[in-house]
Amino acid sequence: YLLSFINKHTISMSFSIRHYRKWLVFLLANVICLSVLAKVGVSGLSCEYRVNPVGIGIENPRLSWKVVSDERNVLQSAYEIRVASTEEALREGKDLLWNTGKILSSQSVDIEYNGMALLPSQRVFWQVRIWTGKEKTISWSDPAYWEMGLVDQQNWKASWITSPADKPNETFRPCTYFRNEFRVEKQVKSARLYASALGLYEIYLNGKKVGDQLFTPGWTSYKKRIQYQTYEVTGLLSGQNALGAIVSDGWYRGFIGTNQNYYGNRTTLIAQLQINYTDGTSEVIATDGSWKASTGAILFSDIYHGEIFDARLEPTEWNNSGFDDKDWKNAVILDHPKDILIAQQGVPVKVIQEIHSINLFQTPKGETIFDMGQNMVGHVRLKVNGKAGEKVVLKFAEVLDQQGNFYTENLRTA
């Protein structure tokens, strides 16, 4: 560009040497800036397609990364991966669990870990560096990590538990509430909670819902595989503690179309809390026959047929320590296989947005309509005033009929 610019203007005597110098300085400055800003790096490190995952269920997880650059035509010609048990050892390149050395390959997706065997619940750190087609060495990426899950059934100390008051053959069944208390006497280094259910579950530690997922453990072919979730709960523990859980029918024994009890007729819970102490010892709190079971405010909960909730029946602070559970019954251990438990594979369901109604009006039939402005999947937060024992009914639809009334005939019996 500079040469063509000079050639073009040399015929003009009015274009002075001073102007050439200004343009030359300007263009050279831009070239220098582009050279300084031009960078190649490695980012987006992922293990089994997740960033820093906790609870990996396979022994040789797959590692991936992205090559980023503000230059064109940058290609990876080689890579090197190293893995260590601590971040410090990783940065120093000492006591490595795996070091690939320089591998001549452009592959940056699904490279299987092939180092030392990893223990259940073990966390490891890893990083990668690459070479480009110009044989330029790109420095090590920032460290990432993954943490193993329980891997196989031998590491499950917990039992499947159910309520002795469960009514497997009835159509309308209340959710089961489970609870257990325990003490922590030592300083905690780390704690992980592993949980699953036949049905859908929410689990609590000291009154707080653990995790932000919904519809756990997810819908699978329950007779062949059941996902479990792994939660980091170190910061939720105190001296006296309480674990609590609510289990509903979900897809397991709720209605799927017109069928009920499709996979089974008893809802159950399995949960295992692994606590590691700073003195090197560990402890496991697991579901067993010492857990207590009862019911609460959720009298019915179904994917197709909605939920019945009686706020007068909700036990106060039932999922906190110190609750009086003398009227609750001991849970019953259910003989159900554990070899079908697998670490979570599906994408978790989470709340991603909160929207407000854009219009509130009455139909010709006198129905109160909240127009949310869009079709969606979600659940409602509604604040109303009323007397104890009064009933509020919420129904959901996508359209109004020709007369402007709420239309649900397309939902049939749901």
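The values are calculated or read from the model by the stated rules, or taken from the named source; none is laboratory data. This structure is a prediction, so every number in the text was calculated from the model and none was measured. With ideal geometry, Cβ positions are generated from the backbone for all residues, glycine too; neighbour counts draw on all protein chains shown. These accessible areas exclude ligands, DNA and RNA; they are computed on the full protein's heavy atoms, side chains included. Shrake-Rupley method; radii C 1.70, N 1.55, O 1.52, S 1.80 Å.
Close contacts from region 252-272, counting a first residue that is at negative phi and a second that is open to solvent by 50 Å² or more (accessible area, probe 1.4 Å) and basic (Lys, Arg), with Cβ to Cβ under 7 Å and a gap of 6+ residues or different chains, come to 263/223; 272/157. If you take the residues in region 132-155 that are surrounded by fewer than 22 Cβ atoms within 10 Å (Cβ to Cβ) and among the aromatic types (Phe, Trp, Tyr), which one is modelled with the highest pLDDT? Among those residues, the one meeting the criterion is 145. Taking the criterion of being touching an Asp or Glu at 6+ places or on another chain (Cβ under 6 Å) and free of Cβ contacts under 8 Å to residues at least 40 places away in the same chain, the only residue of region 273-298 that qualifies is 297. Within region 228-245, identify whether any single residue is over 16 Å from residue 343 (Cα atoms) and aromatic (Phe, Trp, Tyr), and answer yes or no. Checking region 228-245: not a single residue is over 16 Å from residue 343 (Cα atoms) and aromatic (Phe, Trp, Tyr). Across region 163-205, the number of residues qualifying as farther than 15 Å from residue 248 by Cβ and open to solvent by less than 30 Å² (accessible area, probe 1.4 Å) comes to 10.
For region 301-330, name all the residues that are within 23 Å of residue 271 (Cα to Cα), hydrophobic (A, V, I, L, M, F, W, C) and either open to solvent by 30 Å² or more (accessible area, probe 1.4 Å) or under 29 Å from the mean Cα position of the chain (by Cα) (or both). Across region 301-330, the qualifying residues are 318, 323. Within region 398-414, the residues that satisfy the criterion of being under 17 Å from residue 307 (Cβ atoms) and either in contact with a strand residue (DSSP E or B) (Cβ under 9 Å, 6 or more places away or on another chain) or in contact (Cβ under 8 Å) with a residue 40 or more places away in the chain (or both) are 413, 414. Give the residue that is surrounded by the fewest Cβ atoms within 10 Å (Cβ to Cβ), with candidates limited to residues of region 277-300 that are in contact with a helix residue (DSSP H, G or I) (Cβ under 9 Å, 6 or more places away or on another chain) and outside any loop (DSSP other than H, G, I, E, B). The extreme case among them is 299.
Across region 116-138, the number of residues qualifying as touching a residue at least 24 places away in the same chain (Cβ under 8 Å) and outside any strand (DSSP E or B) comes to 9. Among the residues examined, residue 346 does not qualify as on the phi > 0 side of the Ramachandran plot and either open to solvent by 60 Å² or more (accessible area, probe 1.4 Å) or assigned to a loop (DSSP other than H, G, I, E, B) (or both).
Selection within region 371-414: residues that are surrounded by 11 or more Cβ atoms within 10 Å (Cβ to Cβ) and among the small types (Gly, Ala, Ser). The member of this set that is nearest to the chain's Cα centre (by Cα) is 378. Residue selection: residue 229 fails the criterion of being at pLDDT 95 or above, polar (S, T, N, Q), open to solvent by 20 Å² or more (accessible area, probe 1.4 Å) and more than 18 Å from residue 332 (Cβ to Cβ). When residues in region 63-113 are screened for being among the aliphatic types (A, V, I, L, M) and open to solvent by 20 Å² or more (accessible area, probe 1.4 Å), 9 of them pass.
Residues in region 82-115 that are in contact (Cβ under 8 Å) with a residue 40 or more places away in the chain and among the hydroxyl-bearing types (Ser, Thr, Tyr) were compared, and the one that is nearest to residue 129 (Cα to Cα) is 108. Residues in region 57-88 that are β-branched (Val, Ile, Thr), over 20 Å from residue 138 (Cβ atoms) and at pLDDT 95 or above: 86 alone.
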